[in-house]
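*Asks:* Starting off with a structure, shown below.
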Amino acid sequence: MIEINEVTKRFKDKKISITALKHVKFTVNKGQVVGLLGENGAGKTTLLRTIATLLTPTEGNVKVAGYDTLKNPEEVKKRIGVLFGGETGLYDRLTARENLEYFAALYGLSKHETKVRIDELARMFGMRDYLNRKVGGFSKGMRQKVAIARTLIHNPEIILFDEPTTGLDITSSNVFRQLVHQLKRDGKTIIFSSHIMEEVSMLCDSVAMMHKGELVYHGDLNELYKLEGSQDLNYIFMSKLVRGNETYAS
């Protein structure tokens, strides 16, 4: 479903070249939920932006649902929903409903389909009380819920979440986790980055750990627990950063 093939990404800052990704390679199968772990600056967001066609690899390539992100970016965009931490992509002067209607129109949904999807998502995220209010006056948590709804409005096959529970209270975070379980039951493919190890343990089939732009582990979560002799994901993660990619990266 997602094939990341020896992807390297370099940025130029004046005369300095910064390598954000170094020969990253792994595959995500249909219906998998993959947790993307790494400290700030590890390359997680750069990788997600590359998958989403927002960045071009310096080397290597990415395929999403069989489509190359460079050769067929429009086909890729039709099939993914994306939410980046801190970037809700919402218009403050529009109501939550108007924002969702706008993005639904971009994806070609009919008025009837749009109304049904907005009603479903508003009920799911408890947004009905403020659906017709302008987003400019929303709290961070309210904005985040509308942003998640925007990501899902066109019912995408593949979903990329970057720190999706940032700004959400405990109740809303639990609603999000239930949503991920439902999306998995629906056969959706999900990659999400998170600093909350408990969240990753609860939701993910596998994990991809990154450090300084390199993949230090990718594989089944239960297999990782067996290899490490522990189910303390926080301890395993910190230990992997110290040891590097050893023999586990794939």
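Every number here is computed from the coordinates shown, using simple stated rules; none is lab data. Source: prediction; values computed, not measured. All Cβ positions, glycine included, derive from the backbone under ideal geometry; neighbour counts span all protein chains shown.
*Asks:* Please list 108-114, 209-215 highest first by mean number of surrounding beta-carbon atoms within 10 Å per residue.
*Replies:* In descending order of packing, they fall as 209-215, 108-114.
*Asks:* Got a sec to turn the phi values of segment 152-161 into Karplus ³J(HN,Hα) couplings, 6.51 cos²θ - 1.76 cosθ + 1.60 with θ = phi - 60°, whole Hz, x for Gly and Pro?
*Replies:* Once θ is set to phi - 60°, the couplings for segment 152-161 become 9, 4, 9, 6, x, 6, 10, 10, 10, 10 Hz.
*Asks:* Same structure, new question: State the answer as a single residue: which of Leu221, Leu183, Tyr235 lies farthest towards the positive end of the charge dipole of the chain, with beta carbon charges of +1 for Lys and Arg and -1 for Asp and Glu, about the Cα centre.
*Replies:* So the residue we want is Leu183.
*Asks:* Still on this model: For a quick protection proxy, order the peptides 184-196, 153-165 by their average other-Cβ count within 10 Å, most packed first.
*Replies:* Result, highest mean Cβ count within 10 Å first: 153-165, 184-196.
*Asks:* Please compute the contact order of segment 123-236 in relative form: average sequence separation of alpha-carbon pairs under 8 Å and at least six residues apart, divided by the residue count, as a percent. Spell out each step's value before the answer.
*Replies:* Details: 92 pairs, mean separation 21.9, N = 114.
Answer for segment 123-236 is 19 percent.
*Asks:* What does the charge count around Glu39 come to, taking other residues whose C-beta lies under 14 Å from its C-beta (Lys +1, Arg +1, Asp -1, Glu -1)?
*Replies:* +1
*Asks:* Which residues' amide hydrogens lie under 5 Å from the amide hydrogen of Gly219, considering only partners 5 or more residues apart or on another chain, with H built in the peptide plane?
*Replies:* Under 5 Å from the amide H of Gly219: Val207.
*Asks:* Another question, if that's okay. Using 0.36 nm times the number of residues separating His112 and Thr171, minus their current alpha carbon distance, what extension gain do you get?
*Replies:* So the chain would gain 18.2 nm between His112 and Thr171.
*Asks:* Simple spin-label model, 7 Å along Cα-to-Cβ: Arg93 to Lys212 in nm?
*Replies:* Between Arg93 and Lys212, the label points sit 4.8 nm apart.
*Asks:* Residue separation times 0.36 nm, minus the C-alpha to C-alpha distance between Tyr235 and Gln178: what's the value?
*Replies:* Using 0.36 nm per residue and subtracting the Cα-Cα distance, I get 17.9 nm.
*Asks:* Right, next: Along segment 89-104, what does the Karplus equation 6.51 cos²θ - 1.76 cosθ + 1.60 (θ = phi - 60°) give for ³J(HN,Hα), rounded to whole Hz, x for Gly and Pro?
*Replies:* My calculation for segment 89-104 gives x, 9, 9, 4, 7, 9, 6, 4, 4, 5, 4, 5, 5, 4, 5, 4 Hz in order.
*Asks:* Find how many whole Å separate the alpha carbon centroid of segment 98-132 from the alpha carbon centroid of segment 149-216.
*Replies:* If we compute the Cα centre of each part, the gap is 21 Å.
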